[in-house]
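A.B. asks: What follows is a structure written as structure tokens; I'll ask about it next.
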Amino acid sequence: MDTTDILTIRNRIVTKRPIEGISAILMPFTNDGEVDFTGFAQHLERTVIAGLQPAVNMDTGYVNMLFPAERQQVLAVTQQIAGERGFVAGAFIEGLDGDVLTLYRHVVEEIQQHGGTPILFQCSALKRMSSAELIDLYRLVAADCDRLLAFELGEMFAPFGQIYPIEVFRELMCIPQLVGIKHSSLDRELEWQRLALRDQLRPDFKMYTGNDLAIDMVMYGSDYLLGLSTFAPEAFALRDSLWEKGDSAFYHLNDLLQYLGFFAFRSPVPAYKHSAAQFLKLGGWISSDTPHPASPQRPLSDLVVLQDIAERLEQFLAYHK
């Protein structure tokens with residue numbers, strides 16, 4: 001790709017545009033380590049009311065640690081709460097036995113039957129495919145869909161994730177039913193490359209940043225599908241509104257949310273889900289900050305910092321009501 005195209009994107013700020021915000025919903029757990037579907041439903045409803053589209057059965061929702069029956073229950077609960085407003089759901093097949101294409105088609109159909117837009121979660125089998133085989137699989141799965149999203153997941157989030165070569169990304173954008181991709185490399189340069197190519201080939205194609213360490217990528221034309229937004233959906237909705245209005249308060253709120261992102265998404269990155277649970281419990285939004293038993297945890301000392309950020313966000317939201 002011509003480096004001048006990337007420089008153009010890096011130097012371009014797309015002001016006063018509506019931002020599409022999709023929030024990956026945390027799956028809370030009880031003190032006994034059981035899935036807390038009551039807390040999940042309440043947090044899901046809060047996100048919808050805030051104005052963000054929910055994304056379920058994602059990394060933030062411990063999709064790789066839930067049983068298939070639990071993932072199905074997530075879809076049922078989400079359909080009931082999100083309704084016609086729609087939602088995104090991870091089409092996850094890692095660990096299942098069978099033909100990869102057949103498995104994806106089955107899960108995608110299940111999501112669509114519940115009224116959701118599927119996002120094709122990567123798996124170990126995809127990493128063993130050639131580029132041609134990979135692209136062909138996406139085409140075949142997309143043929144069964146009205147709308148489909150793709151996912152580039154860095155290995156810092158999950159070992160079965162991968163960031164595709166830019167040539168593969170180009171081919172994926174040529175699939176009509178594939179309307180967007182979530183990019184989670186945590187690398188601005190790679191995302192700028194994709195934005196530049198998107199603008200050249202298919203301007204209506206959605207780039208959803210998954211970079212929780214650079215949430216200002218929305219300034220360059222990305223939308224977002226973030227785990228960080230599950231900490232404070234109202235704050236993200238307000239931030240997006242401020243950007244669309246051209247209000248400079250956007251920068252103050254974005255900086256505060258980015259501070260939260262850097263703190264929560266430090267190494268080991270998967271422990272951000274425990275940080276989210278801690279943050280939400282501090283605010284009284286869930287009853288327990290216990291993470292999945294197999295997930296890495298944060299120290300209790302984090303609570304002091306999280307409480308400080310929560311209070312600052314509360315003050316900001318109160319001032320801008």
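The values are calculated or read from the model by the stated rules, or taken from the named source; none is laboratory data. In this text, all values refer to a predicted model and were calculated from it rather than measured experimentally. Counting neighbours? That spans all protein chains shown, and the Cβs are built from the backbone with ideal geometry, glycine included. Protein only, heavy atoms only, side chains kept; ligands, DNA and RNA dropped before computing areas. Shrake-Rupley method; radii C 1.70, N 1.55, O 1.52, S 1.80 Å.
A.B. asks: Within region 200-254, count every residue that is within 15 Å of D187 (Cβ to Cβ) and aliphatic (A, V, I, L, M).
C.D. replies: 5
A.B. asks: Given the conditions (1) part of a helix (DSSP H, G or I); (2) open to solvent by less than 40 Å² (accessible area, probe 1.4 Å); (3) within 18 Å of A276 (Cβ to Cβ), and given that W192 satisfies all but one, which numbered condition is not satisfied?
C.D. replies: Just one mismatch for W192, condition (3).
A.B. asks: Answer yes or no: is there a residue in region 6-20 that is at pLDDT below 85 and touching a Leu at 6+ places or on another chain (Cβ under 8 Å).
C.D. replies: Scanning region 6-20 turns up at least one residue that is at pLDDT below 85 and touching a Leu at 6+ places or on another chain (Cβ under 8 Å).
A.B. asks: Provide a single number: the residues in region 220-271 that are crowded, with 24+ Cβ neighbours inside 10 Å, of a type in the set (A, V, I, L, M) and over 20 Å from G283 (Cα atoms).
C.D. replies: Counting residues in region 220-271 that are crowded, with 24+ Cβ neighbours inside 10 Å, of a type in the set (A, V, I, L, M) and over 20 Å from G283 (Cα atoms) gives 1.
A.B. asks: Inside region 45-153, counting only helices (runs of 4 or more DSSP H) that do not spill past its ends, which hold 3 or more residues that are out of contact with any Leu (no Cβ under 6 Å at 6 or more places or on another chain) and charged (D, E, K, R)?
C.D. replies: Numbers: elements: 68-82, 100-113, 124-127, 131-142.
Ranges flagged: 100-113, 131-142.
A.B. asks: Any residue at all in region 12-19 that's aliphatic (A, V, I, L, M), more than 19 Å from the chain's Cα centre (by Cα), more than 19 Å from P270 (Cβ to Cβ) and open to solvent by 30 Å² or more (accessible area, probe 1.4 Å)?
C.D. replies: Step one: filter region 12-19 for residues aliphatic (A, V, I, L, M), giving 13-14, 19.
The next check asks that each one be more than 19 Å from the chain's Cα centre (by Cα); those that pass are 13-14.
When the remaining residues are screened for being more than 19 Å from P270 (Cβ to Cβ), the result is 13-14.
Within this subset, residues satisfying the condition of being open to solvent by 30 Å² or more (accessible area, probe 1.4 Å) are 13-14.
Checking region 12-19: at least one residue is aliphatic (A, V, I, L, M), more than 19 Å from the chain's Cα centre (by Cα), more than 19 Å from P270 (Cβ to Cβ) and open to solvent by 30 Å² or more (accessible area, probe 1.4 Å).
A.B. asks: Can we say A150 is closer than 17 Å to F121 by Cβ, within 13 Å of the chain's Cα centre (by Cα) and open to solvent by less than 10 Å² (accessible area, probe 1.4 Å)?
C.D. replies: yes
A.B. asks: For region 251-287, give me each residue that is among the polar types (S, T, N, Q) and under 17 Å from D308 (Cβ atoms).
C.D. replies: Once the filter is applied, which keeps residues that are among the polar types (S, T, N, Q) and under 17 Å from D308 (Cβ atoms), region 251-287 yields Q258, S275, Q278.
A.B. asks: How many residues, within region 161-189, are in a loop (DSSP other than H, G, I, E, B) and under 19 Å from R105 (Cβ atoms)? If you could, list the steps in order and put the result at the bottom.
C.D. replies: Applying the first criterion (in a loop (DSSP other than H, G, I, E, B)) to region 161-189 yields 161-165, 174-177, 185-187.
If we keep only those that are under 19 Å from R105 (Cβ atoms) as well, we get 175-177.
So the answer is 3.
A.B. asks: What is the number of the single condition among (1) assigned to a loop (DSSP other than H, G, I, E, B); (2) open to solvent by less than 10 Å² (accessible area, probe 1.4 Å) that F157 does not meet?
C.D. replies: Every listed condition holds for F157 apart from (2).
A.B. asks: With in contact (Cβ under 8 Å) with a residue 12 or more places away in the chain, among the polar types (S, T, N, Q), open to solvent by less than 50 Å² (accessible area, probe 1.4 Å) and out of contact with any helix residue (DSSP H, G or I) (no Cβ under 7 Å at 6 or more places or on another chain) as the only criterion, which of T60, T30 stands out? Give the derivation first.
C.D. replies: Details: T60 fails: out of contact with any helix residue (DSSP H, G or I) (no Cβ under 7 Å at 6 or more places or on another chain).
After ruling out the rest, the residue left standing is T30.
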